[in-house]
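The values are calculated or read from the model by the stated rules, or taken from the named source; none is laboratory data. Predicted model only: the values in this text are computed from it and were never measured. Neighbour counts are summed over all protein chains in view; Cβ atoms, including those assigned to glycine, are modelled from backbone coordinates with ideal geometry. Surface areas here come from the heavy atoms of the whole protein model, side chains and all, with no ligands, DNA or RNA. Shrake-Rupley method; radii C 1.70, N 1.55, O 1.52, S 1.80 Å.
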Amino acid sequence: MGMTMTQKILAAHAGLDRVEAGQLISAKLDLVLGNDITTPVAINEFNKAGFTKVFDKDRIAVVLDHFVPNKDIKAAEQSKQCRDFACAHCVSHFYDVGKMGIEHALLPEQGVVTAGDCIIGADSHTCTYGALGAFSTGVGSTDMAAGMATGTAWFKVPSAIRFELTGELPKTCSGKDVILTIIGQIGVDGALYRSMEFTGPGVASLTMDDRLCICNMAIEAGAKNGIFPVDQRTMAYMEGRCERKPVIYEADPDAEYERTITIDLTQIVPTVSCPHLPENTRPAKELHDIKVDQVVIGSCTNGRMEDMETAYNTLKGKKIAPGVRCIIIPATMQIMRQCVERGYVTAFIDAGAVVSTPTCGPCLGGYMGILAAGERCIATTNRNFVGRMGHVDSEVYLASPATAAASALTGYITEPQED
């Protein structure tokens, strides 16, 4: 029996000819990632274990993005601990104010991750990098500490579910609608500790931003990782960008999958995940009577340039509905700069929105958009658990940038329309 993409990457990094689902392996790591919340915990564990040096200063990334610029004294202390550690160990990929971005948008943009990599990150949405044909998964801070010191990690090789994509998306839909549809279909534990491998002729029609968004939310289906094949679009994205040479792995024709699910992209509609689980999905057109108080367009899921362009095309020359707070957060400083140069920021401000420096902020109920009791938000973020964005009696609806921006104009959840 052959191997899946994920199994081939893990076998190569474990120095084995082949691996099987359920097998325990020790694999070499290409990158170890942490942020301003998880890295301090990892540093404490690193020191407690008696480690004195990192395995490779060029294979560690620390991104300050959750509470940066610092929102309070505790956040400032956490960031300082990260700065001191990065300086002491000469960590090459350290991103602070002025350089930082939301980690899972920043690292692909900066070429820190590439095809064929084996990556762990002390953040659950580390699975994003599967869009480039890498194996990447979230771990705890203790595993991050061990990874920083040894350059290795233990894994149980996951089994896989194949998602066969056909057709092309309607113009009003994006990768966010695809992954919300899938999670609505299989549930938040439908891919528990499995690899979600996306294949089929429909893959070619998806942009890199679509793929990054889809893999980002693989964890919301319980998956160990999400992964796309490396095609011409992937190679064009990586060309001149990645600091390591891409290594391309392909699933064997006889690779074993637990099941195959066919997704006809032509049948995808603008989709919204209602409180309080990502699996609670409904078509946006069925929710037009739900009034919203806040709109957030950003996050590691949907803060990339295509997302900003979608928001701009919807909001330019129009006004956000009275009583609606619209917060737009470009995911990296490079994206922020492009928004300024293209006139997007001016259009957002003219429409009545606020534009923030890159931050995870409101996504995890940190700052920059906390909800009060009884308030509702439609957001392009990835989780809508109870109290996720503030008060336990608030509600979060997950949607694409197109749906979120359309809703900002009406004050109600609104299905986007073609221009």
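Is one or more of the residues making up the stretch 5-17 out of contact with any strand residue (DSSP E or B) (no Cβ under 9 Å at 6 or more places or on another chain), open to solvent by 10 Å² or more (accessible area, probe 1.4 Å) and free of Cβ contacts under 8 Å to residues at least 24 places away in the same chain? Yes. Of the candidates Thr137, Thr142, Thr152, the single residue that is closer than 30 Å to Ile25 by Cα, open to solvent by 10 Å² or more (accessible area, probe 1.4 Å) and in contact with a Lys or Arg (Cβ under 8 Å, 6 or more places away or on another chain) is Thr152. Annotation note: Cβ proximity below 9 Å between a residue of the stretch 61-87 that is free of Cβ contacts under 8 Å to residues at least 60 places away in the same chain and in a loop (DSSP other than H, G, I, E, B) and a residue that is of a type in the set (S, T, N, Q) and open to solvent by 10 Å² or more (accessible area, probe 1.4 Å) (sequence gap 6+ or interchain) occurs for Leu64/Asn70; Leu64/Gln78; Asn70/Gln78. Given the condition buried (at least 23 other Cβ atoms within 10 Å of the Cβ), modelled with pLDDT of 95 or more, among the polar types (S, T, N, Q) and under 13 Å from Met144 (Cβ atoms), answer yes or no: does some residue in the stretch 43-51 qualify? Scanning the stretch 43-51, I find no residue that is buried (at least 23 other Cβ atoms within 10 Å of the Cβ), modelled with pLDDT of 95 or more, among the polar types (S, T, N, Q) and under 13 Å from Met144 (Cβ atoms), so the answer is no.
Screening the candidates Met238, Met148 for the property of being at pLDDT 95 or above, under 30 Å from Val54 (Cβ atoms) and out of contact with any strand residue (DSSP E or B) (no Cβ under 7 Å at 6 or more places or on another chain) yields one hit, Met238.
Could you please find all residues in the stretch 93-130 being of a type in the set (S, T, N, Q) and under 23 Å from Thr6 (Cβ atoms)? Step through it out loud before you land on a result.
Initially, the stretch 93-130 is screened for residues of a type in the set (S, T, N, Q), giving 110, 114, 124, 126, 128.
Result: Thr114, Ser124, Thr126, Thr128.
Of everything in the stretch 115-134 that is in a loop (DSSP other than H, G, I, E, B) and touching a strand residue (DSSP E or B) at 6+ places or on another chain (Cβ under 9 Å), the residue that is most open to solvent (accessible area, probe 1.4 Å) is Asp123. Kindly establish whether Asp84 is farther than 25 Å from Ser26 by Cα, over 17 Å from the mean Cα position of the chain (by Cα) and charged (D, E, K, R). It is true that Asp84 is farther than 25 Å from Ser26 by Cα, over 17 Å from the mean Cα position of the chain (by Cα) and charged (D, E, K, R). In the stretch 78-94, of all residues being within 21 Å of Pro358 (Cβ to Cβ) and out of contact with any helix residue (DSSP H, G or I) (no Cβ under 6 Å at 6 or more places or on another chain), the one that is surrounded by the fewest Cβ atoms within 10 Å (Cβ to Cβ) corresponds to Lys80.
Restricting attention to the stretch 241-267 and to residues that are in a strand (DSSP E or B) and open to solvent by less than 40 Å² (accessible area, probe 1.4 Å), the residue that is farthest from Thr6 (Cα to Cα) turns out to be Ile263. Considering the stretch 213-240, and only residues there that are in a loop (DSSP other than H, G, I, E, B) and over 17 Å from the mean Cα position of the chain (by Cα), the residue that is surrounded by the most Cβ atoms within 10 Å (Cβ to Cβ) turns out to be Val230.
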